[in-house]
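Have a look at the structure below before the remarks.
Every read-out reported here was derived from the displayed coordinates using simple, explicitly stated rules and does not represent laboratory data. Since this is a predicted model, take the numbers as computed values, not measurements. When we count neighbours, we look across all protein chains shown, and the Cβ atoms used for this are built from the backbone with ideal geometry, even at glycine.
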Amino acid sequence: MAKTKTKFVCQNCGYITAKWMGRCPECGTWDSLAEELETPASGPQQSFLMPKEAPKPKTLDKVMLTEVERLKTGINEFDRVLGGGLVPGSLVLLGGDPGIGKSTMLLDAGIRFSAGGIKVLYVSGEESVKQIKLRASRLGVTSDNLSLMAETDIQAILEQVRAVKPDILIVDSIQTMNHTDITSSPGSITQVRECTNAIMHTAKDLEIPALVVGHVNKDGAIAGPKVLEHIVDAVLYFEGDRHNSYRILRAVKNRYGSTNEIGVFDMTETGLQEIENPSIALLSGRPQYTAGTCVTCVMEGSRPILAEIQGLASTTGFGNPRRMSTGFDYNRMSLLLAVLEKRAGYYFSNLDAYINVVGGLRLDEPAVDLAVAMALVSSLKDVPISENCFVLGEIGLAGELRSVSHINARISEAIHLGFQKCIVPYHNLKQITVNSQKIQIIGVQHVREAFEAATDT
């Protein structure tokens, strides 16, 4: 009988050691080493020096490239993020907070696939078959091409995959899957890695796309080893606030499409509804002639989206002024406040300052600097930004405005939504090719000059 050995595996990076340590020497994470049992495989092992069949290399000119037909999910926003649909043999990882709508989206996608005659196998390790049926009934749909399976044994699942031969495999979730050859508990770093590898090899062999749900940890990253994101072909994050109906599907890795592409959905009682024009949805209900609000345009992948930024400056009731930012980097906000005070003469040192990005968006693009500054200054002076005006620009430490990318796409989106004035960095003017008769374009060089132009003062 093989002797059982004990090993310690880092739950963050996968580092293996024979003894416990308080800090992982590989990634530096404290208290991340977990004990696991390792049973050596019995029987003769094949030498790595004698592979079963050595692959033969090919020159690049002899590799034949065929047209790959993508499978459309029927959800346009989902297909946009994927790069046009699912590629046969690909493995897609979908992560997000609990209750955000991951399972609902994949079930909806599976039902739409099956409605088009595509065989789908939906495997759940968290719900029973009857519970999945109840969720499908809430969505108001049914299908005879969608097979359901409640199982956590990955080997039994893959046996059924090879027997049923579905066109698409959906696994919810990878943290519940268990490989019987591994003694560690489900959800451990070894189990997650090996189960994902097994699904990947099966998907490649059978040339079927696989969609896998992954839970996230308290830091917002997908739980399990970082190598998990390297194994899969695409990593999608489902973002949103439970108290907000809008959901954002974001691609952070995609071997078959562009990254940082997003899809916008609305969570309703009957499931997720895609939003074809997010700009209209995000700007709905925007207050008019109110100080402290400003509109800008961000690029999410290849899509320009107009977003509303709200700022508030008020008298502090504490010894130290309070700063709070939602949807915008806090450190960047502090830097902009320092620039406004030092370079533009707008004093916030004795005031509380708040920033909020409407709709649950998270903006990390430098082009939104000017909109954040204008929202804060507008609230400080109690002077509203001109109606139907939006601003673009990166603010430097000297208070100067730096040019932004994709200026024509941003202005075109604003024209489409009826905006009549645009404040841009002066150095962007020579790059603008859109019809300037439909919108007034003003180039500015300094943040104070921008506020005067945006408020008609």
- Task: Just the Kirkwood number for segment 70-276, please: inverse of mean 1/r across all distinct Cα pairs, in Å, one decimal.
- Result: 16.8 Å
- Query: What's the angle, to the nearest 10 degrees (0 to 90), between helix 407-416's Cα axis and the longest principal axis of the chain?
  - Reply: 80 degrees
- Linear extension gain, Val164 paired with Asp241, 0.36 nm per residue minus alpha-carbon span: 23.9 nm
- Message: Strictly over 18 Å apart at the Cα level, which of Lys119/Lys165; Lys102/Lys165; Lys102/Lys133; Lys72/Lys133 would you flag in this model?
- Response: Lys102/Lys165; Lys72/Lys133
- Note on the structure: Which residues qualify? For Thr326, with a placed amide H closer than 5 Å and at least 5 residues away or on another chain, they are Ile355, Asn356, Val357
- Task: Could you go through segment 117-126 in sequence order and give the Karplus-derived ³J(HN,Hα) for each residue, using 6.51 cos²θ - 1.76 cosθ + 1.60 with θ = phi - 60°, rounded to whole Hz, and x for Gly and Pro?
- Result: x, 8, 6, 10, 10, 9, 10, 10, x, 10
- Task: Within 10 Å, count the other beta carbons around each residue, average over each peptide in 308-315, 294-301, and list them highest first.
- Result: 294-301, 308-315
- Message: I need to check one value: relative contact order of segment 162-289, counting alpha carbon pairs closer than 8 Å and at least 6 residues apart, in percent.
- Response: 15 percent
- Nitroxide proxy distance, nm - points 7 Å out along Cα→Cβ at Lys7 and Leu134: 4.1 nm
- Binned Cα-Cα distance frequencies in the chain - 20 Å width, integer %: 21, 44, 30, 5, 0
- Enter the angle in degrees (range 0 to 90, nearest 10) between the Cα long axis of helix 369-381 and the first principal axis of the Cα atoms of the chain, meaning the one along which they spread out most. 50 degrees
- Residue-ordered couplings for segment 424-429, obtained by feeding phi - 60° into the Karplus form 6.51 cos²θ - 1.76 cosθ + 1.60 and rounding to whole Hz (Gly and Pro as x), are 10, x, 4, 6, 8, 4
- Task: Please work out how much length the chain gains when fully extended from Arg255 to Thr290, using 0.36 nm per residue of separation minus the C-alpha to C-alpha distance, in nm with one decimal.
- Result: 8.1 nm
- Task: Report, to the nearest 10°, how far helix 102-115 tilts away from the longest principal axis of the Cα atoms in the chain, using its own Cα long axis and a range of 0 to 90°.
- Result: 70 degrees
- Message: What's the ranking of 330-341, 119-130, 360-371, 138-149 by average number of surrounding C-beta atoms within 10 Å, highest first?
- Response: 360-371, 119-130, 330-341, 138-149
- Would you pull out the residues with amide H under 5 Å of Arg23's amide H, same chain only if 5 or more places away, H placed 1.01 Å from N? Asp31
- Take every Cα pair under 8 Å in segment 281-454 that's 6+ residues apart, average their separations, divide by the length, and report that relative contact order as a whole percent. 25 percent
- Item | Segment Glu387-Asn197, extension gain: residue separation times 0.36 nm, minus the distance between their alpha carbons | 63.0 nm
- Item | Length-normalised contact order for the chain - Cα pairs under 8 Å, 6+ apart - percent | 12 percent
- Listed by chain and number, the residues whose amide H is under 5 Å from that of Glu394, excluding neighbours fewer than 5 places away on the same chain and using placed H, are Arg402
- Task: Please give, to one decimal in nm, the separation of the simple spin-label points placed at Glu341 and Phe318, each 7 Å out from Cα toward the Cβ.
- Result: 1.5 nm
- Message: For a Förster distance of 45 Å, can you work out the FRET efficiency between the beta-carbons of Lys19 and Ala156, rounded to the nearest 0.05?
- Response: 0.80
- Unmatched cysteines, the chain - criterion: no other Cβ of a Cys under 4.7 angstrom: Cys195, Cys294, Cys297, Cys389, Cys422
- In Hz, Karplus ³J(HN,Hα) per residue of segment 261-271 (6.51, -1.76, 1.60; θ = phi - 60°; x = Gly, Pro): 7, 10, x, 10, 10, 10, 7, 10, 5, 9, x
- For the chain, percent of DSSP beta bridges that are antiparallel (nearest 5) comes out at 55 percent
- Note on the structure: trypsin sites (Lys or Arg not before Pro) in segment 381-452 lying in a DSSP loop, each with at most 16 other Cβ atoms within 10 Å of its Cβ, come to Lys438
- Pop a pseudo-label 7 angstrom from the Cα along the beta-carbon direction at both Ser349 and His427 and give the gap in nm to one decimal. 3.0 nm
